[in-house]
1. Scan segment A:301-348 for residues that are part of a loop (DSSP other than H, G, I, E, B) and open to solvent by 30 Å² or more (accessible area, probe 1.4 Å) and jot them down.
2. Quickly run through segment B:1-21 and pick out the residues that are within 12 Å of chain A (Cβ to nearest Cβ) and within 12 Å of the chain's Cα centre (by Cα).
3. Sort out which residues of segment A:414-472 are open to solvent by less than 10 Å² (accessible area, probe 1.4 Å), within 13 Å of another protein chain (Cβ to nearest Cβ) and among the polar types (S, T, N, Q), and write them in order of number.
4. Of everything in segment A:577-597 that's open to solvent by less than 50 Å² (accessible area, probe 1.4 Å) and assigned to a helix (DSSP H, G or I), which residue is nearest to residue A:437 (Cα to Cα)?
5. For segment A:12-37, how many residues meet the condition of being part of a helix (DSSP H, G or I) and out of contact with any helix residue (DSSP H, G or I) (no Cβ under 9 Å at 6 or more places or on another chain)?
6. Answer yes if at least one residue in segment A:430-446 is more than 30 Å from residue A:169 (Cβ to Cβ) and of a type in the set (Lys, Arg), and no otherwise.
7. Just the residues that are open to solvent by less than 30 Å² (accessible area, probe 1.4 Å), farther than 18 Å from residue A:188 by Cα and of a type in the set (A, V, I, L, M), please, taken from segment A:143-175.
8. Any idea which of A:487, A:492, A:507 is within 14 Å of chain B (Cβ to nearest Cβ) and among the hydrophobic types (A, V, I, L, M, F, W, C)?
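The values are calculated or read from the model by the stated rules, or taken from the named source; none is laboratory data. Worth saying up front: this structure is predicted, and the values here are computed from it rather than measured. When we count neighbours, we look across all protein chains shown, and the Cβ atoms used for this are built from the backbone with ideal geometry, even at glycine. Side chains are part of the model used for accessible areas, which takes the heavy atoms of the whole protein and leaves out ligands, DNA and RNA. Shrake-Rupley method; radii C 1.70, N 1.55, O 1.52, S 1.80 Å.
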Amino acid sequence: MYAYTGKILHVNVSNGNVKTKTFDDEFAQTYIGGTGFGIKTLIDNQKPGIDAFDPENPLIYALGAVCGTMVPCAASKFGVFAKSPQSNMLGEAYSTGAWGAELRHAGYDIIVIKGKAKKPVYLWIDDESVQLMDASHIWGKSTLETEETIKKDLGDQYIRVSAIGQGGENLVRVACLINDYFRAAGRTGLGAVMGSKNLKAVAVRGSNDVKVASPSDLQELCRDLYERCKGPKTSKYRTLGTAANVLSMNSQACMPTRNFQSATFEGAEKVSGEYLNENYVVKIQGCTSCAMRCEHIATVPEGTFKGATARVEYEPTMAFGPYCGVDRLDAVIRAIELSNLYGVDAISTGIIIGFAMECFEKGIINEKDTGGLALNFGNAEAMTQMVEKIALRQDVGNIFAEGVKGASEKLGHGSEEFAMHIKGVEMTGYDVRGLKTAALGYAVSRRGADHQRHGAYGPDLGGQVDRFKAEKNRGPIVMANEDNYCIFDSMILCKFSRGIWKGYDEIAKLYTMVTGIPMKGKELQVAGERMSNLARLYNIREGLTRKGDTLPPRVMKLPIPEGVAKGSFVSQQDLDILLDGYYEARGWTNEGVPKPERLKALKLADYSNIIKKKRESKA
Amino acid sequence: MKVKVRYLGPIRVMLNKKEEGLDVPQKTTLLGLLERLAKVYGESFVKEVYEPKGKIREGIVVTINGTAVGQLGGLKRQLNEGDAITILPFFAGGG
């Protein structure tokens, strides 16, 4: 086997049992890596219907197929999977940095962690040596302190650490995993799953070589890919970075502002990528083997938040900026830094705080609840303090630590009407009321509200379709994008590089050069469809129905109040048209259930019992 | 006739300009406008914004009065007095 190690490490943290299993070429060819490996391993290793915090919920790490090789912008990517404590459905998040490559060098492609330790532990993988180490002294510490302490304790600065902060320990439902100081497997609350196991971190050191099947051919292709990475298709990522989206989204009236009360933010210039780069960015860096270098590291030079340092992207800038009515980048940088240190997803945390601010302004919570914070929109200091309160479950932070969905259910008083989540997962930085292809992508996204499973805002904003119109033909667009993204997240290739690739055929060629396993572009495309269907089956098994493929009430009732998208919203009729078109494109029933013949064609017939049970329960 | 051009993102940094007003002949198309701007700002403008064959580059969106030109007939679209053209980058999410 080339590139792949063919090894799956199973660890039970309850009793310290460790087993290594293997997989063969057929498994690799069918599920590729990352997304495919993760979803397949989850559905096969998790007892249906269990709670996300049940010790038997497996926490899974899965490497991309080309991880650990010279392939640009892909050399260290990995995914994390488990049943999500937010959606009670598929939890998945991706990260990069250097941790993934280290795991492959240590000799594993997948880790499956089950159980619950009696006292805090961390997992230490040093090539074949796999141990549970005492983590009592780092329990209660930030992700940064955890990473530094583990490296110091084990006497090796090159150990890579994926850790939770206090957020994960406190079972905050939006808790994430942080590796390599700045990189997050952020979404769907997987840090809380790790915390529920009394597991603080997974530390890795590897010394094995990663061998590829056709080194000379790969070298030649990679040389070309590196050149493409330096070209105009990626230049925007290394110049201003994704934060430049602030003004773009604002100009298109799709900037979620003040908890979706507006779609344009009057203070956008002050939190723009342009302003950020001029005043705060101190360094631009990249991941292992990256030829694009998109990471914009920003430091606050003066004032209340002097010294705060974070990697700044569009999404958290939107969440802590316009979403909270805050026009101060120093506070945004501090809030992102705190999110990283406490280990909470910066996107979801910002969205929760925006929701809390509206609750405060509507009198649903008051200063007594907030511990004295005047939690009005625009209060930058209060916003940063709320990050801590949520991560530490202090005061009303204890309620908001349940996420927007959980908090709204506890708070009541009509707050459900402005709780901005899909399937329990907080919205991200696109106001989909005026982006109807994206609205469909969000509604059907397998991990809840998300732009990353489909990228369906592309055709809307790019003008390929009328973004204000709901049409059945958006179904095939979303389907094609989802399947394509499955492949990107299985190889795993950085999505920022997507413009440089010449379609499935080239990616398939790369796959074969790396792994030696024959692959054609069309087969890769089918593999993407297979993954989308397997994810759907998993979610159906855990309780998803058509009713769950929906949008937040505010998206469906409150028209955008101003700007070029003024008056737009997604009615139930719009949503039905979109869903019908999508299910039809996928060959699913109008209830969103895959059909047996399609499952057979996708080599998923083994999972037919899930849809059979569904049909029986309906009957 | 008078039109206004607004720049966002890397284009703004490259040109060191947020916006500008221009006088263009009647019936000027969007492509005509971009070609005129290319004469002023040079090859780097073309490299970032459009392909001379008449296509906007991937990752760039051009809007006229807020509507993406893909919905307005593309670069052949004729401009009108008072049109506001915005050239903006379009980012896609990462990991």
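1. A:301, A:302, A:303, A:304, A:306, A:307, A:327, A:328, listed by residue number.
2. The answer is B:6, B:7, B:8, B:11, B:12, B:19.
3. A:428, A:437, A:445
4. A:578
5. Narrowing segment A:12-37 to residues part of a helix (DSSP H, G or I): A:25-31, A:34-37.
Applying the additional criterion that residues be out of contact with any helix residue (DSSP H, G or I) (no Cβ under 9 Å at 6 or more places or on another chain) yields A:26.
The qualifying residues number 1.
6. Keep residues of segment A:430-446 that are more than 30 Å from residue A:169 (Cβ to Cβ), which gives A:430-444.
Now restrict to residues that are of a type in the set (Lys, Arg): A:433, A:436.
Within segment A:430-446, one or more residues are more than 30 Å from residue A:169 (Cβ to Cβ) and of a type in the set (Lys, Arg).
7. A:150, A:159, A:161
8. Numbers: A:487 fails: within 14 Å of chain B (Cβ to nearest Cβ); A:507 fails: within 14 Å of chain B (Cβ to nearest Cβ).
Result: A:492 is the single residue among A:487, A:492, A:507 that is within 14 Å of chain B (Cβ to nearest Cβ) and among the hydrophobic types (A, V, I, L, M, F, W, C).
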